[in-house]
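Heads up: the structure comes next, in structure tokens.
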Amino acid sequence: MADKYDDQGLATSIVEGDLRLWKSWHESLCPFVERVFEDFSLGGTASPLTVLDFGGGGGRHGFAVTRSGRAQWFVVETPALATAASRTLSETGIEFFSSIQQVKNQANQVDLVHVSSSLQYTSNPSEVLRELVGLNPKFLVFEKLVLTQKSSQIKMFQYSLLGDNIPQPSKDFKLWISAVRYPLIAIPKSKFLEILGRDYEVVAHTLEPVQSHLPMFKGLGQHTFLVKRRVNER
């Protein structure tokens, strides 16, 4: 079992899977992200959007828009995965970093922050969220974000099969009997909204059905948000 997600062997397997997706012309874009691109298009923005994809793996969420020239896609991942992806996925044009600050140093501005099933797996979700909001993006999209309705954050360990973490995994039997373990921290929904602050508003929200990997009676839910910066605040 891999004790944590930042495992070199697992990172290598993930980016090799993402390379297979890239070569097969795989497209995977969140509907809310599509809405953001449509919003910019209607506003007459012709230049590529700058996207920070936090916890974006090998960049699969940005394959279609990067290939079409609609986005400059930056992924922030664990050091092991960022290193492996930079080496293996250079042909995609996506850039990989191990910190938000590195992207901030590289990009003049960030138009969109995309966070898919990753904030809750950081060691301090509240601080990471503050750092992302501090980039002052025009939009933020959160997919599969685990929050709690309770007033205090919830800490737990989540387990999954190794094969569940690898895009287009092989039929290797070991992938389906080996497990990976990682801590999950769900901050209160009220804290999430508080950190977004008055400069941002939630313009779309969905709550997914109860997830089997989340324990009952802890007020946990898996959310997707589309958040937009208020025009009159800047």
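The values are calculated or read from the model by the stated rules, or taken from the named source; none is laboratory data. All values reported here derive from a predicted model rather than from experimental measurement. Ideal geometry is used to build each Cβ from the backbone, glycine not excepted, and the neighbour counts take in all protein chains shown. Protein only, heavy atoms only, side chains kept; ligands, DNA and RNA dropped before computing areas. Shrake-Rupley method; radii C 1.70, N 1.55, O 1.52, S 1.80 Å.
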Among the residues of region 197-210, is there at least one that is of a type outside the set (Gly, Ala, Ser), under 13 Å from GLN120 (Cβ atoms) and in contact with a strand residue (DSSP E or B) (Cβ under 9 Å, 6 or more places away or on another chain)? no
Within region 56-97, how many residues turn out to be outside any helix (DSSP H, G or I) and hydrophobic (A, V, I, L, M, F, W, C)? 9
Go through region 209-233 and give me each residue that's in a strand (DSSP E or B) and either without any contact (Cβ under 8 Å) to a residue 40 or more places away in the chain or farther than 18 Å from ILE195 by Cβ (or both). LEU220, GLN222
I'd like to check something: does region 167-177 contain any residue that is at pLDDT below 95, open to solvent by 60 Å² or more (accessible area, probe 1.4 Å) and in contact with a Phe, Trp or Tyr (Cβ under 7 Å, 6 or more places away or on another chain)? no
State whether the residues of region 177-187 include one that is under 28 Å from VAL36 (Cβ atoms), assigned to a strand (DSSP E or B) and among the small types (Gly, Ala, Ser). yes
Members of region 98-130 that are open to solvent by 80 Å² or more (accessible area, probe 1.4 Å) and either within 12 Å of VAL75 (Cα to Cα) or not in a loop (DSSP other than H, G, I, E, B) (or both): GLN101, LYS104, ASN105, GLN106, GLU127, ARG130
Within region 74-97, which residues are under 16 Å from the mean Cα position of the chain (by Cα), closer than 21 Å to GLU27 by Cα and open to solvent by 30 Å² or more (accessible area, probe 1.4 Å)? GLU95
Candidate set from region 26-55 (those that are assigned to a loop (DSSP other than H, G, I, E, B) and touching a residue at least 24 places away in the same chain (Cβ under 8 Å)); member that is farthest from the chain's Cα centre (by Cα): PRO48
